[in-house]
Ligand SMILES: [Zn+2]
């Protein structure tokens, strides 16, 4: 998060790093008053992106915005921003906090606003026209950003403030802002000289283009593949998979139902289809996205990206890109990140082999004479699950109506933090499925807007994530505008959206990120919300998942969609017991990706990497079970290669897993999942953004450093004490 400051906001919003949430630029760009430079005023008249948004709470006027508005708006906004930055850098007065830091925080308001709208549209509602704008603009925005971080006069002012920070009488947040800017400038090459400076800017620009291409390749290659289903195939599948397949076929103007490579289509199919050959075909297609030696193949991109990243890290004096990325995070070094993953690896792998033995027994009973393969795991796991917990996914889904789960996520926020959510129907959106709520305090005072875009569709990338249209801004008083995206299957008209327990967990996860943005209460936008270390940013999201799994919440909101009856207690208990089921597989597939991600970024000759051989080498070295692939294989590993947010940082989810399990224990120890005192300390975590270092933030909440034990216990890898 710390790599892109200021403009970073724009560039990061554009590149929307990873699949997961907080892919948003934590670099809240300032919302200042618009400063017109030549021509900007006229352009604004015709271009809604440059106009004042006279809308409820300044929400983007989507129905007025067309793809052709973006390039001229970006150009005008970059020009304005450049002029603002030049004025700061060339100010004849000695640098002060106000004339340098505060001025920087206020600069680039339009660019930040436009970038956020654009970044969200290209993620959630893209099309050829927006793809083309993105391909053109991402390197230009990266160059714009570099020109600021490499502005020597500007850096000299920031450096002077940094060196004299003690004598300036700054408030703690002001001092933190100086510290954060300084570090970001240094990490962005501000101290480089001569040819190195130019080379650095070139690399940044080239990487930005490559990240865009990587993500576009993943999406386009995925869209090439479908698996047509016959009536006979459909008859063997649960009704929700069949109806999703019919809708997917219709959306593509095909005359047959199809399975697609959207995770929400292919994963349920792999779990439920008894047809082993079709499962194999779907599995292979899913794990070979971006690896088909066609125009959308990402293997060359990976080598180029890794080579450029290594060069960039070396320019800054780091041994490898992994060292560069982990410096200044909670983990601090690649060694510490790997050590954490290795602490979890052995118990997870042992559990995975136990799970595999169960699968082997069922396959033998089915007369399948073959090793357990990747395409067998999910299918037989579901049967083991059914045997062991007698859990029928459809039976569980009947109690998990998306509408009620949304109400549940709001309820938990109300109980913990005293905030209320009310749906608004007067706010413009970019698609009819998008919904908007207003967050207020108990007294009805406006605190922010929250958008929910929950259904999969073409033009929307896979996964689930949180992003923002406007960060909280303590200078201007702007309230946050936050969005959650998911990819649930849209039900037929008039039908409820029934989701799985995993989907409901994702909903809570993203809403945890959402609250990190919504509850933000900092003095400066660059320190607001999710602008924290990457290995801390998952904590507010992952800890929030724990409330869904509490009987107190489920009894109230897991209501049968037809009868309104609460989920029977014994079903609820089985659902919760089943939570650790298959945890060996899940942890191993995650760690497979985590080890490979870190491995790539420790390589010192990445241009020579054979991508597939590299994956195999790492997984073999760790003795990973052959039936468990990487959760994200390299050629579609958006976390690692579509941006820098999670590059050499995929481990962050595990790091945050330590924090969330240990953190939720604070409520259990208090004997109340809504314990007001603990909730008040948790509010401080959500509201304080990056105003204090992450470890200090955690210790303030928990009273001590985090422990790995609760994670191992909650995943069932070790026995609970007492
Ligand atoms: Zn997340």
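The values are calculated or read from the model by the stated rules, or taken from the named source; none is laboratory data. Note that the structure is predicted; figures quoted are calculated from it, not measured. Please note: Cβ atoms are built from the backbone with ideal geometry, for glycine as well, and neighbour counts cover all protein chains shown.
Computed values, structure above
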| read-out | value |
| --- | --- |
| Any hit, the range 585-594, residues being part of a loop (DSSP other than H, G, I, E, B), within 16 Å of the ligand (Cβ to nearest atom) and out of contact with any helix residue (DSSP H, G or I) (no Cβ under 7 Å at 6 or more places or on another chain) | no |
| Options 340, 316: the member that is touching a residue at least 40 places away in the same chain (Cβ under 8 Å) and under 23 Å from the mean Cα position of the chain (by Cα) | 340 |
| Test: residue 30 is more than 16 Å from the ligand (Cβ to nearest atom), at pLDDT 95 or above and in the same structural domain as residue 107 (by TED's automatic domain parsing) | no |
| Considering residues of the range 455-468 that are more than 16 Å from the ligand (Cβ to nearest atom) and either in contact with a helix residue (DSSP H, G or I) (Cβ under 8 Å, 6 or more places away or on another chain) or not in a strand (DSSP E or B) (or both) only, the residue modelled with the lowest pLDDT | 458 |
| Single condition residue 380 does not satisfy, out of (1) surrounded by fewer than 20 Cβ atoms within 10 Å (Cβ to Cβ); (2) over 24 Å from residue 532 (Cβ atoms) | (1) |
| Selected residue (only one of 280, 311 is at pLDDT 95 or above, in a helix (DSSP H, G or I), more than 25 Å from the chain's Cα centre (by Cα) and more than 28 Å from residue 606 (Cα to Cα)) | 280 |
| Yes/no for residue 58 being modelled with pLDDT of 95 or more, surrounded by fewer than 18 Cβ atoms within 10 Å (Cβ to Cβ) and closer than 25 Å to residue 523 by Cβ | yes |
| Residue tally, condition assigned to a helix (DSSP H, G or I) and within 10 Å of the ligand (Cβ to nearest atom), over the range 528-542 | 5 |
| Top-ranked residue in the range 500-516 [being more than 12 Å from the ligand (Cβ to nearest atom) and surrounded by fewer than 24 Cβ atoms within 10 Å (Cβ to Cβ); ranked as nearest to residue 440 (Cα to Cα)] | 503 |
| Pairs where the first residue, in the range 551-577, is more than 15 Å from residue 393 (Cα to Cα) and the second is modelled with pLDDT under 90, C-beta under 6 Å, 6+ apart | 554/572 |
| Test: residue in the range 642-655 that is part of a helix (DSSP H, G or I) and over 18 Å from the mean Cα position of the chain (by Cα) | no |
| Residue under evaluation residue 673, criteria (1) in a helix (DSSP H, G or I); (2) at pLDDT 95 or above, criterion not met | (1) |
| Members of the range 543-569 that are within 12 Å of the ligand (Cβ to nearest atom) and surrounded by 24 or more Cβ atoms within 10 Å (Cβ to Cβ) | 543, 544 |
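Here is a yes/no grid of residues against (1) modelled with pLDDT of 95 or more; (2) in the same structural domain as residue 119 (by TED's automatic domain parsing); (3) within 30 Å of residue 251 (Cβ to Cβ):
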| residue | (1), (2), (3) |
| --- | --- |
| 380 | yes, no, no |
| 399 | yes, no, yes |
| 410 | yes, no, no |
| 442 | no, no, no |
